[in-house]
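See structure below.
The values are calculated or read from the model by the stated rules, or taken from the named source; none is laboratory data. No experiment lies behind these values; they were computed from the predicted model shown. Cβ sites come from the backbone with ideal geometry, for glycine too, and all protein chains shown count toward neighbours.
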Ligand SMILES: [Cu+2]
């Protein structure tokens, strides 16, 4: 994928992207690393120097074995002491000598991304791809991510569903300074809890997610109850998202134009301690916000400021950044089992329906369900993840798609959007033939 200079106007045009894999460096903590980590990037990791002791006794494993004849007590424990959903590892602890740190570099760059042929948009991307690269680590490993901002706008990374220390949560002006142009911020936390999760930028979230800043984060447990009950042959991750191409283009251009205003905002360091991240990122509290409005400040949402409401109305619906017919197919063979991790990274709910099969819904938001649920349509709401198990029991070429009509279109034209196929590689050997017309003799 071609990186572009974001100082010019963002347009839609046709260029074919190249997919890149994220390079991971697996390492152990050395004494030198440890000293370095303790002083990383000022605002980033200074907190490591003065961590409070963790309230002991609350941490328990909540992993439940699927198919266990009596899983209920483990999932909904009756004893008072264990009903707290405490992280397995103290989020506020520091890496110990010998513990594994998985290090990743994430560069935010503007890139041109092709959704379908002839529809190419300027996107914010992690390392040049939309979605960003998949991060896959083992539960309990340390995750160290160096976020470098190579655009002219601000960004962060929020680790969705992860029990990070608060300083690593990626909320701009809530838990950290936004990572400005040319800056690097290092995130460091333990990968927990296990399961299917994702990450995304948290700066101007409605725009920056649509513009491409999201990716999957898969945390593998030491003992995976899903794998134990349903030993699977293939593992797919499908990130569901949508984009209003006009909204993203116009807002990216507006943002670029107004970026100079960011320098004029009241970003005094003393303010940071009192920020809750809610007052539009500019005011210490509600009273100050109201005072400013009285004094003539016009918030950006006021119609008079922008002329018309800036509300996105998505026109392309994507699975892993592509719309049908460019979506990746799910491959299977008779007798095989596949795991499909569905991630609702966008703003709309989706209802993924598989033809010709029932499947097992085994995990929600990363956690194994007390018992697998038999479905043929699974809802995937914004911010949620759902893992399903599909078994190769009915050879053919089957549609797998969102059952809400709008999301199966490309810019209003059916078919398109969030559709893919479950393709049996041995369908023809099993006798499947596509019959375009059935002639009936009278
Ligand atoms: Cu961003």
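Taking (1) out of contact with any strand residue (DSSP E or B) (no Cβ under 6 Å at 6 or more places or on another chain); (2) away from the ligand (no atom under 16 Å from the Cβ); (3) over 23 Å from residue 240 (Cβ atoms) in turn, residue 172 satisfies each apart from (2).
The sole residue among 164, 116, 121 that is within 16 Å of the ligand (Cβ to nearest atom) and buried (at least 18 other Cβ atoms within 10 Å of the Cβ) is 121. Is there a residue being in contact with a strand residue (DSSP E or B) (Cβ under 8 Å, 6 or more places away or on another chain), modelled with pLDDT of 95 or more and under 30 Å from residue 317 (Cα atoms) anywhere in the stretch 221-232? Checked against the condition, which is being in contact with a strand residue (DSSP E or B) (Cβ under 8 Å, 6 or more places away or on another chain), modelled with pLDDT of 95 or more and under 30 Å from residue 317 (Cα atoms), the stretch 221-232 yields at least one hit. May I ask you to verify whether residue 174 is part of a loop (DSSP other than H, G, I, E, B), closer than 29 Å to residue 324 by Cα and out of contact with any helix residue (DSSP H, G or I) (no Cβ under 6 Å at 6 or more places or on another chain)? Answer is no for this residue. Tell me, please, whether a residue that is more than 16 Å from the ligand (Cβ to nearest atom) and part of a loop (DSSP other than H, G, I, E, B) can be found in the stretch 181-188. Within the stretch 181-188, not a single residue is more than 16 Å from the ligand (Cβ to nearest atom) and part of a loop (DSSP other than H, G, I, E, B). Taken over the stretch 134-153, the criterion of being in a loop (DSSP other than H, G, I, E, B), within 16 Å of the ligand (Cβ to nearest atom) and out of contact with any helix residue (DSSP H, G or I) (no Cβ under 7 Å at 6 or more places or on another chain) is satisfied by 150, 151.
Here is a yes/no grid of residues against (1) more than 15 Å from the ligand (Cβ to nearest atom); (2) in contact (Cβ under 8 Å) with a residue 40 or more places away in the chain; (3) buried (at least 21 other Cβ atoms within 10 Å of the Cβ); (4) closer than 23 Å to residue 361 by Cβ:
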| site | (1), (2), (3), (4) |
| --- | --- |
| 197 | yes, yes, yes, yes |
| 200 | no, yes, yes, no |
| 217 | yes, yes, yes, yes |
| 221 | yes, yes, no, yes |
| 233 | yes, yes, no, yes |
| 244 | yes, yes, no, no |
